[in-house]
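A quick write-up on the structure given underneath.
The values are calculated or read from the model by the stated rules, or taken from the named source; none is laboratory data. Small disclaimer: the values here were computed from a predicted structure and weren't measured. Backbone-built Cβ (ideal geometry, glycine too); neighbour counts: all protein chains shown.
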Amino acid sequence: MQESATSHRFISVDGVRIFYREAGPTDAPVILLLHGFPSSSRMFASLMPLLADRYRLIAPDYPGFGHSDAPDPQAFAYSFDHLAAVVDRFTVALDLRRYVLFMQDYGGPVGFRLALAHPERVQALVIQNAVAHEQGLGPLWETRRAFWRDRAAHEEKLRQNFTSLEATKQRHIGASPHPERYDPDLWIDEYAFLNRPRQAAIQSDLFYDYRTNVESYPRWQGYLRERRPPTLVLWGRYDLSFTVAGATAYRDDLPGAEIHILEAGHFAMDERLGEVAELTRRFLASHAIGGP
């Protein structure tokens, strides 16, 4: 496959400067790439050239992430409803009328909100370690549930954890038996990002708001059962936060979902970039989206 150059652009959405990466022909089927925590569109930088011969790939940074503006949390609500609303208006600004949603981690809460708001725009779903069922939440979520119950009592400890170098590293490696395969630059960059001004407050607000995603799981599941979008689930088995049960649970709503459990962690492309690209190409081609 021929690689394509990636462009790096900014656009203003509701007065917020949004950074995004773009690759592929402007008249090709669109894949909207929605990143996770604490990453940015950079997590898709190596994937995009591998798919850009047949697809238009667009990967925005949410407000507060990557190269997008990070407004003060006192003036900007860092909630998943608000992030999704900004991404929705971002798609309107770029005139994206139909797209495949590629959702990783936080990309799930953002993407499912888009899908519920505009089901007619969604051609297919590619889900990479993004949870829509409670059985996918691993034991680590017990401390996060405690934070939801009593934010004041747990906030300082939570902030210290998610901004630490060790926690940032473990998000990538998880339970992998091959930590030597991971490039340390992956988490050093994210660690630097998490320790920028305002990040502790921004990410704490989003961690607290994550409870609204769990509350929304039944609605997301209802969307899957009712609309039955073609769905590819790619899941790194060594993820400590989102367990393999979260992958197989999609079959409860979509018996025809294509599910692959990969020898990888939370960020499956760290180890399985080529496999993720090839599975995505084959899946979309099998549904007549973008050709072989």
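A search for C-beta distances below 7 Å between a residue of region 65-78 that is closer than 20 Å to Y191 by Cα and without any contact (Cβ under 8 Å) to a residue 60 or more places away in the chain and any residue that is in a loop (DSSP other than H, G, I, E, B) and among the charged types (D, E, K, R), counting only pairs 6+ apart in sequence or on different chains, returns H67/D61; S68/D61. Taken over region 208-231, residues that are in a helix (DSSP H, G or I) and either under 20 Å from E258 (Cα atoms) or within 18 Å of the chain's Cα centre (by Cα) (or both) amount to 16. A Cβ distance below 7 Å, combined with a sequence gap of six or more or placement on separate chains, defines the contacts here; from region 118-134, residues that are in contact (Cβ under 8 Å) with a residue 40 or more places away in the chain reach residues that are part of a helix (DSSP H, G or I) and surrounded by fewer than 17 Cβ atoms within 10 Å (Cβ to Cβ) in the pairs P119/R227. Anything in region 163-207 that is among the small types (G, A, S) and in a loop (DSSP other than H, G, I, E, B)? List them, or say none. S164, G174, A175, S176, listed by residue number. D105 satisfies every condition listed in (1) out of contact with any strand residue (DSSP E or B) (no Cβ under 8 Å at 6 or more places or on another chain); (2) under 26 Å from G246 (Cβ atoms) except (1). Taken over region 264-287, the residue count meeting the criterion of being in a loop (DSSP other than H, G, I, E, B) and in contact with an Asp or Glu (Cβ under 7 Å, 6 or more places away or on another chain) is 3.
Every condition in (1) in contact with a His (Cβ under 7 Å, 6 or more places away or on another chain); (2) modelled with pLDDT under 95 is met by L140 except one, and the failing one is (1).
Table: residues versus (1) out of contact with any helix residue (DSSP H, G or I) (no Cβ under 9 Å at 6 or more places or on another chain); (2) surrounded by 14 or more Cβ atoms within 10 Å (Cβ to Cβ); (3) without any contact (Cβ under 8 Å) to a residue 60 or more places away in the chain.
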{"position": "S241", "(1), (2), (3)": "no, yes, no"}
{"position": "A247", "(1), (2), (3)": "no, yes, no"}
{"position": "L254", "(1), (2), (3)": "no, yes, yes"}
{"position": "L262", "(1), (2), (3)": "no, yes, yes"}
{"position": "V276", "(1), (2), (3)": "no, yes, no"}
{"position": "R281", "(1), (2), (3)": "no, yes, no"}
{"position": "A288", "(1), (2), (3)": "yes, no, yes"}
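A count restricted to region 28-83 and to residues that are within 12 Å of the chain's Cα centre (by Cα), small (G, A, S) and at pLDDT 95 or above stands at 4.
Scanning region 240-255 for residues that are modelled with pLDDT of 95 or more and outside any helix (DSSP H, G or I), we see that the one that is farthest from H154 (Cα to Cα) is P255.
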